[in-house]
Every structure is written in structure tokens, then in C-alpha cells.
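Right, one structure below, let's go through it.
The values are calculated or read from the model by the stated rules, or taken from the named source; none is laboratory data. As the structure is a prediction and not an experimental result, all values here were calculated from the model. Note that each Cβ is placed from the backbone with ideal geometry, even for glycine, and that neighbours are counted across all protein chains shown.
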Amino acid sequence: MDIACGTGGYSIELANLGHKITAVDLDEKMIEELKNKALEGNLQINAFCENMLELSDNIKSQYDLAFCIGNSLVHLDGEKEIQGFLKDMKVLLRKSGKLVIQIINYDRVLSQNITSLPTIENQEVGLTFQRIYKYDENLNKVLFKTILQVDGQKLENEIPLYPLLSEDMIKLLNVAGFKEVSLYGDFKGNKFNKDDSYALVIVAS
């Protein structure tokens with residue numbers, strides 16, 4: 001199951017490898033785009049619009065693998081919602097099933113007061129993409145602001161993200177019933193380091 005699938009890049013690749021895929025996202029337009037891609041590729045992907053906090057209410061199947069990547073988990077509003085999501089995942093996974101989660105390494109962001117990611121530039125098309133972090137201590141949220149400039153046009157967006165720390169993530173997974181939890185610094189399997197890793201990748205079962 002691909003949770004917060006967007007336009008389904010990972011779902012498409014997995015379906016091409018012969019896997020049976022369920023893909024969910026809150027954005028109807030993204031789900032429609034994924035359905036169109038699946039139709040063009042003659043792929044069977046069960047894609048539909050769904051709130052990630054209501055998955056066990058509307059899905060009765062069980063899965064060998066569920067993944068929520070791209071920093072999507074921390075769009076939820078704090079540990080209570082994250083805990084509810086993790087408990088749902090435990091219900092929807094088979095006994096041998098695994099949950100994969102990828103978020104930004106917020107241990108590093110907060111301890112080192114990281115305020116931005118490297119700016120992406122493409123001079124050929126006149127594009128710059130800035131990503132800015134600002135921690136709001138009162139809200140306990142990281143305000144993530146993006147600024148995209150293309151051909152003189154400027155688009156800005158800001159969303160609050162919950163800065164979930166690695167130790168808190170482990171505790172929430174344990175409470176949800178996940179007994180084995182492994183932490184990595186990337187999808188290549190490199191060891192997670194609170195101070196150096198840019199990402200936190202978790203495999204839980």
C-alpha cells in the first residue's frame with residue numbers, strides 16, 4: 001500500500017514489477033492523474049482518495065508492505081494523530097508485514113537549527129527553488145516554506161510540519177504494536193545518525 005501516493009511514481013514502478021498495489025492520497029487530482037497513468041500503462045492499481053487517518057475504517061484488506069514516504073507523515077497534527085495512523089497500519093498489515101516510513105531527520109533540524117535546504121537552480125529555464133525551515137516553539141511546529149521562481153514568476157507556499165524525533169517515533173511504533181524497528185539514514189541502508197543524516201527511514205514490523 002502506497003500512502004500519500006501523490007501522482008503514483010512508486011506505485012507505477014511497483015505495478016510494473018508485478019506487485020498488486022493499493023494507492024491512497026487526500027488529493028483527488030493526484031489520484032486522477034495516477035489512474036490515467038495506470039490506464040495508459042495497462043496497469044492494475046487500486047487508487048482512490050482517502051484520509052490517511054481513516055484507512056482502517058474503509059479498507060478491509062491486509063498487506064505485506066505499506067509505505068508512507070516523502071515526509072508525508074509529519075503533515076499530521078501531532079503525536080496523537082500519528083499514533084492513530086500507526087495503530088491503523090498494524091491492523092492493515094499481515095503478521096509478517098512491514099511498514100516503511102521516511103521523514104526528514106528532525107533531530108538534526110532542531111539541534112543544529114537548520115533553516116534551509118540547498119537551493120535548486122536551473123539557469124537554462126530560469127528556475128530557482130528555495131526551501132526554508134522556521135521552528136515555532138510555541139506551536140511546536142516547523143513552518144516549511146517553499147519559494148519557486150520561474151521566468152520571473154514567483155510562487156510561495158508554507159505548511160506547518162510536526163517535528164517528530166527519532167526516539168519519539170520508536171516509542172509510538174512500540175505502543176502501536178510494532179516490535180521490531182530499524183532506523184536508517186537513507187534508502188541505501190546506511191546507518192541513521194541523529195547529527196548527520198538528512199533523512200530518517202524506518203522499517204517496522
A careful count of residues in region 146-180 that are of a type in the set (A, V, I, L, M), touching a residue at least 24 places away in the same chain (Cβ under 8 Å) and not in a helix (DSSP H, G or I) gives 5
*Restrict the check to region 50-61 and report whether at least one residue is at pLDDT 95 or above, surrounded by fewer than 18 Cβ atoms within 10 Å (Cβ to Cβ) and over 21 Å from LEU172 (Cβ atoms).*
no
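Each row is one residue, and each column tells you yes or no for (1) under 16 Å from the mean Cα position of the chain (by Cα); (2) of a type in the set (A, V, I, L, M); (3) surrounded by 12 or more Cβ atoms within 10 Å (Cβ to Cβ); (4) within 25 Å of LEU86 (Cβ to Cβ).
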site	(1), (2), (3), (4)
ASN105	yes, no, yes, yes
LEU110	no, yes, yes, yes
GLU124	no, no, no, no
LEU127	no, yes, yes, no
ASP136	no, no, no, yes
GLN153	no, no, no, no
ALA199	yes, yes, yes, yes
SER205	no, no, yes, yes
- Task: Kindly check whether there is at least one residue in region 41-52 that is of a type in the set (A, V, I, L, M, F, W, C) and under 28 Å from GLY185 (Cβ atoms).
- Result: yes
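Can you find a residue in region 193-205 that is in a loop (DSSP other than H, G, I, E, B) and out of contact with any Lys or Arg (no Cβ under 9 Å at 6 or more places or on another chain)? It would help to see each step written out before you state the result.
Kept after step one, since they are in a loop (DSSP other than H, G, I, E, B), are these residues of region 193-205: 193-198, 205.
Restricting the remaining residues to those that are out of contact with any Lys or Arg (no Cβ under 9 Å at 6 or more places or on another chain) gives none.
Within region 193-205, none of the residues are in a loop (DSSP other than H, G, I, E, B) and out of contact with any Lys or Arg (no Cβ under 9 Å at 6 or more places or on another chain).
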